[in-house]
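Asker: Attaching a single structure in structure tokens format; questions to follow.
Throughout, read-outs are computed from the coordinates displayed, never taken from laboratory work. Keep in mind that this is a model prediction, so the values were computed, not measured. Using ideal geometry, Cβ is built from the backbone for each residue, glycine included, and neighbour counts are taken over all protein chains shown.
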Amino acid sequence: MNDAALVEGVRGGHALAIAVFYERFRRRVWHVLHRLLGNDPELSDAHHEAFERALRSIGGLRDTRRLESWLIGVAVFTARSVIQRRVRRRWLLFMPPEKLPECHAVATSGESSEAVRATSAVLEQLGADERIAFVLRFVEGMELEEAAELCRVSVSTFKRRLSRAEARFVELARDSAVLCEWLEGGSRWGRNQR
């Protein structure tokens, strides 16, 4: 089923089209959300929410050739909402983070796991827009124009967000023993590169 026929079927509420839509894009949406949110306990809910939002708003999709890009944009805005909700209710958390249950992921080396945890901790301290800009550009490797389009902002606005995110990330990462060494050894954020 091509994208135009798929969009028409989803707009018409046809169960088969909706099932094909979900099956075709579920892994890609999961991947983007996981990159933006990390091993978040709300990841499954965010995945579900992204598809709910997409189904409600697919009538606004003008160019069916841009279906996947449009859906990734919906996922980005869903992740943004999750991050903003988390920040708003952070004051409700009565347990220190070290007492919360661990999320299970694929086993990796201890050094890699520690670096991922440290990176996630730094990203948690960025605002939603900055975190999304940083992840889309530096983790997903998207071009500026593509990432700006997904965020529904101009390239110049995206660049400003990215610049703030990069500066804050480097500032916070330098305070992490795990990430500081990594920064110094790299060509992008080493002290002599600034």
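Asker: Arrange R152, R86 by Cβ neighbour counts within 10 Å, fewest through most, would you?
Answerer: R152, R86
Asker: Please list the radius of gyration and Dmax for region 35-86, considering alpha-carbon atoms only, with Å as the unit.
Answerer: Every Cα atom of region 35-86 included, Rg and Dmax give 11.5, 34 Å.
Asker: Computed over the Cα atoms of region 1-100, what is the convex hull's projected area averaged over all directions, in nm²?
Answerer: 7.0
Asker: At a Förster radius of 25 Å, what calculated FRET efficiency corresponds to the Cβ-Cβ distance of D3 and E140, to the nearest 0.05?
Answerer: The calculated FRET efficiency here is 0.70.
Asker: Sticking with this structure for a sec: Among E145, E68, which comes first, then next, by fewest other beta-carbon atoms within 10 Å?
Answerer: E145, E68
Asker: Going by how many other beta carbons lie within 10 Å of each one, how would you line up C151, C180, fewest first?
Answerer: By the 10 Å Cβ count, ascending: C180, C151.
Asker: Using 0.36 nm per residue of separation minus the Cα-Cα distance, give me the extension gain between R56 and Y22 in nm, one decimal.
Answerer: 10.9 nm
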